[in-house]
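Note sheet for the following structure.
The values are calculated or read from the model by the stated rules, or taken from the named source; none is laboratory data. In this text, all values refer to a predicted model and were calculated from it rather than measured experimentally. In this analysis, Cβ positions are derived from the backbone assuming ideal geometry, glycine residues included, and neighbour counts consider all displayed protein chains.
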Amino acid sequence: MALLEVNDIHTYYGNIHALKGVSFEVDSGEIIALIGSNGAGKTTTLRTISGLMAPRDGNIVYDGRDISATRADLLVVRGISMVPEGRGVFAKLTVEENLDMGAYIRADGDVAEDLASAYAMFPRLQERRKQLAGTLSGGEQQMLAIARALMSKPRLLLLDEPSMGLAPVLVDVVFAAIQRIASEGVTILLVEQNAHMALQIANRGYVLQSGEVALSDTAANLQRNEVVQKTYLGID
Amino acid sequence: MFRNRSGEFSWVDFTIDVLRVLIVLAVVVGAWNTLSSGRISLAQWVNLLAAGLAQGSIYALIALGYTLVYGILLMINFAHGEVFMAGAFSAFFLAEALNRTGFLNEQPLLAILLLIMFAGLVSMTVAVLVERIAYRPLRGSPRLVPLITAIGASFFLQYAFRGLYGSNFKAYPQLQALQGALQIGEFNIPITQIFVFSSALVLMLGLHWLVERTRIGKAMRAVSENKEVARLMGIDIDWVILFTFGVGGFLAGAAGVINGLFRPQGVNFYMGFIPGIKAFTAAVLGGIGNIPGAMLGGLFLGVIEAIGPNLVLAGLGIPGANQLKDVIAFTMLVLVLIFRPQGILGERLSETKA
C-alpha cells in the first residue's frame with residue numbers, strides 16, 4: 001500500500017482553479033520528483049498535502065487515513081514534514097532555536113541526540129548555532145530548513161524547490177543530503193524546477209502541467225523522454 | 001532641510017522642520033529657566049525621577065500586553081486597559097478580606113504575592129475570553145473589524161464590572177510595610193515606589209525568561225514571525241495566540257494590584273481607560289511589537305510625565321504645570337508618530353506589517 005495517495009484533488013485560490021484533478025502515489029522509501037514549469041501547480045500540490053490548503057474536491061490518503069481536511073500542525077505529529085518554498089527559516093531566531101522549533105511536537109529525550117546528528121549532517125550549522133538565522137547565506141538557510149524539517153522525525157518529507165537560488169556547488173551539497181536522508185528510510189516528495197537534478201536522484205517522477213499530471217514514469221524513462229528533454233531539461 | 005527626498009521644496013517637510021525647531025527651542029528655554037531659577041532642589045528632582053520610574057513601570061507592564069498581542073496578530077487590543085481594570089478591581093475585594101483578617105499586615109510579602117497571583121489570573125481569564133469570543137472568530141477579516149470589536153469588548157467589560165461591583169471608587173487598604181521612605185544618601189525614596197519598581201522588574205525578568213528560554217516562548221516568536229511556517233513545525237498557532245493573550249493579561253492584572261497599592265485614589269470600573277491609553281502610548285514610543293521597547297517606553301513615559309511639566313512647562317511660565325502631565329504624555333505620542341513612527345527600538349515597518 002502506498003504511503004501517500006493523492007486522488008483527483010482540486011484546489012483553488014479564491015476563484016482560481018489551481019489544481020484540476022491531480023492524482024499520484026508515493027510508496028514508502030521512494031524519492032518522487034514532481035517537475036513542471038512555473039505555475040504548473042507544484043507548490044500548490046505540496047501545500048495541499050501538508051494541510052496549509054484544503055482541496056475542494058478529491059482526497060489525500062496518508063498511511064491508510066484520509067487527511068484531506070487535517071490541519072497542518074496535526075499532520076506534523078502524524079509524520080509529514082515540509083521544507084517550504086523560499087526556506088522559511090525564522091530569521092529572528094538563532095539557528096539552534098530554529099532547530100528546536102522543528103522538534104516542537106516532540107516530548108522525548110532524544111532531541112539533543114538529533115540536534116547532534118543535524119549538526120553532523122551540516123557542520124556549517126554547528127559553527128553558526130548561536131547566530132540569527134536571518135544572517136545566514138541562502139545555502140546555509142536551505143540546510144537549516146532541511147535540518148529543521150527532520151527534527152520532527154518525519155516519515156514523509158516534502159521539499160519545495162530546495163535548489164532555488166543556490167550556487168551549483170551548494171545544489172550538489174543539498175541533493176547529496178536529500179539522498180542521504182532517503183537512505184535512512186525517509187520517504188521524499190521533491191518539487192523542483194531543476195528537473196535535471198531531481199530526476200537524477202528520484203525513483204519516479206510526475207510532470208505537472210497547468211494543474212494536471214501530464215506524464216508519469218520512472219525517473220530514468222523521464223530523463224530519456226523527448227518532451228521532457230526539450231521542455232524541462234533544455235536538451236534539443 | 002525644507003526639501004523632501006526628491007530634493008523639491010515641500011510644505012509638509014517645511015512645517016515638520018519648523019515644528020522640530022520650535023520644540024527644541026521650547027524644551028531648551030523651559031529647562032534653562034527652571035534650572036537657572038533653582039526652584040527645584042536636587043533632592044526634589046530625584047523624588048520626581050523615582051515617582052516617574054514607579055509610574056512608568058506600571059505603564060510598562062500594561063504596555064507589554066499591547067506589544068505582545070501586536071507582535072503576534074498585528075492588532076491593537078483596545079480592551080487591554082479593561083483587562084488591567086478587571087484584575088485590579090477583583091483583587092480589591094481579596095485585599096479587603098485579607099485586611100479584615102489581619103493577614104495583609106502580618107504577612108505582607110505573602111499577601112502581596114497572593115494578590116498579584118489572584119489579579120493576574122482574573123485578568124488572564126478575561127483576556128483569554130475576550131480573544132476566544134471577540135477576536136478569534138474575526139481573525140482574517142479586514143483590520144478595522146477587530147478594532148471595532150475591541151472597543152465593544154472594552155465597553156462591555158467596563159459596564160459588566162460596574163454592574164458587578166458598583167461605580168464607586170474603592171481604595172485598597174494601606175499596607176504598613178509599604179509606608180515610610182528609605183533614606184539613600186541624602187535622598188528620601190518612598191518605599192511604595194521602590195516596591196512598584198522592583199516588583200515590575202521581577203515580572204519583566206520573568207517575561208524575558210519565558211520568551212527567550214522556554215519552548216512556548218520560542219513558539220511565540222516563531223508565530224510572530226511566520227504563522228504558516230510555524231504551523232509546519234507542528235505549532236498550534238491558535239493555542240500560542242491564546243497563550244500570548246493570557247501572558248499579557250497576567251502582567252496587566254499584576255500591574256493592577258501594584259497600581260492599587262501604589263496609588264491612593266482607588267479602583268473603579270473606569271480606571272483602565274487612561275492607563276490603557278498611556279500604556280499604548282508607551283508601547284508605540286518603544287516600538288510596538290518590541291518587548292524591550294515596551295519596557296523602555298513605559299519607563300520613559302513615566303519619567304517624562306513626572307519631570308517634563310516641572311522642567312519644561314513650569315520654566316515657560318505655564319501655571320499648574322503638574323496638572324498638565326497628560327498633555328506631555330500625548331504630545332510625546334504625537335511627536336513620536338511624526339518623527340519616529342517605528343518607535344525608539346522599533347524597526348521600520350515593512351509594507352506587510354504596516
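Taking the criterion of being of a type in the set (Val, Ile, Thr) and modelled with pLDDT under 90, the residues of region B:38-75 that qualify are B:Ile40, B:Val46. Of all residues in region A:21-35, those satisfying the criterion of being in contact with a Ser or Thr (Cβ under 8 Å, 6 or more places away or on another chain) and either of a type in the set (Phe, Trp, Tyr) or exposed (fewer than 15 other Cβ atoms within 10 Å of the Cβ) (or both) are A:Phe24, A:Asp27, A:Ser28, A:Gly29. When region A:108-129 is limited to residues that are hydrophobic (A, V, I, L, M, F, W, C) and over 22 Å from A:Ile178 (Cβ atoms), the one that is nearest to the other protein chains (Cβ to nearest Cβ) turns out to be A:Val111. Taken over region B:275-325, the residue count meeting the criterion of being of a type in the set (A, V, I, L, M, F, W, C) and in a loop (DSSP other than H, G, I, E, B) is 4. For region A:155-166, check the following and say yes or no: at least one residue is more than 25 Å from A:Ala91 (Cβ to Cβ), touching a residue at least 40 places away in the same chain (Cβ under 8 Å) and in contact with a strand residue (DSSP E or B) (Cβ under 7 Å, 6 or more places away or on another chain). Yes: one or more hits. Within region A:91-107, is even one residue within 20 Å of A:Asp160 (Cα to Cα), in contact with a strand residue (DSSP E or B) (Cβ under 9 Å, 6 or more places away or on another chain), hydrophobic (A, V, I, L, M, F, W, C) and within 9 Å of chain B (Cβ to nearest Cβ)? Yes: region A:91-107 contains one or more residues that are within 20 Å of A:Asp160 (Cα to Cα), in contact with a strand residue (DSSP E or B) (Cβ under 9 Å, 6 or more places away or on another chain), hydrophobic (A, V, I, L, M, F, W, C) and within 9 Å of chain B (Cβ to nearest Cβ). Can you spot a residue in region A:202-221 that is modelled with pLDDT of 90 or more, closer than 17 Å to A:Arg87 by Cα and of a type in the set (Val, Ile, Thr)? Looking for residues that are modelled with pLDDT of 90 or more, closer than 17 Å to A:Arg87 by Cα and of a type in the set (Val, Ile, Thr), one finds none in region A:202-221, hence no.
Of the residues A:Ala40, A:Ala18, which single one is touching a residue at least 60 places away in the same chain (Cβ under 8 Å), outside any loop (DSSP other than H, G, I, E, B), of a type outside the set (Ser, Thr, Tyr) and buried (at least 21 other Cβ atoms within 10 Å of the Cβ)?
Details: A:Ala40 fails: outside any loop (DSSP other than H, G, I, E, B).
Of the residues listed, the single one that is touching a residue at least 60 places away in the same chain (Cβ under 8 Å), outside any loop (DSSP other than H, G, I, E, B), of a type outside the set (Ser, Thr, Tyr) and buried (at least 21 other Cβ atoms within 10 Å of the Cβ) is A:Ala18.
The set of residues in region A:130-144 that are more than 13 Å from chain B (Cβ to nearest Cβ) and either touching a His at 6+ places or on another chain (Cβ under 6 Å) or crowded, with 16+ Cβ neighbours inside 10 Å (or both) comprises A:Leu136, A:Gly139, A:Glu140, A:Gln142, A:Met143. Candidates in region A:64-84 are the residues that are surrounded by fewer than 16 Cβ atoms within 10 Å (Cβ to Cβ) and farther than 16 Å from A:Ile105 by Cα; of these, the one that is nearest to the other protein chains (Cβ to nearest Cβ) is A:Ala69. Counting only helices (runs of 4 or more DSSP H) that sit wholly inside region B:166-274, those with at least 3 residues that are crowded, with 20+ Cβ neighbours inside 10 Å, under 17 Å from the mean Cα position of the chain (by Cα) and more than 14 Å from every other protein chain (Cβ to nearest Cβ) are B:191-213, B:237-262.
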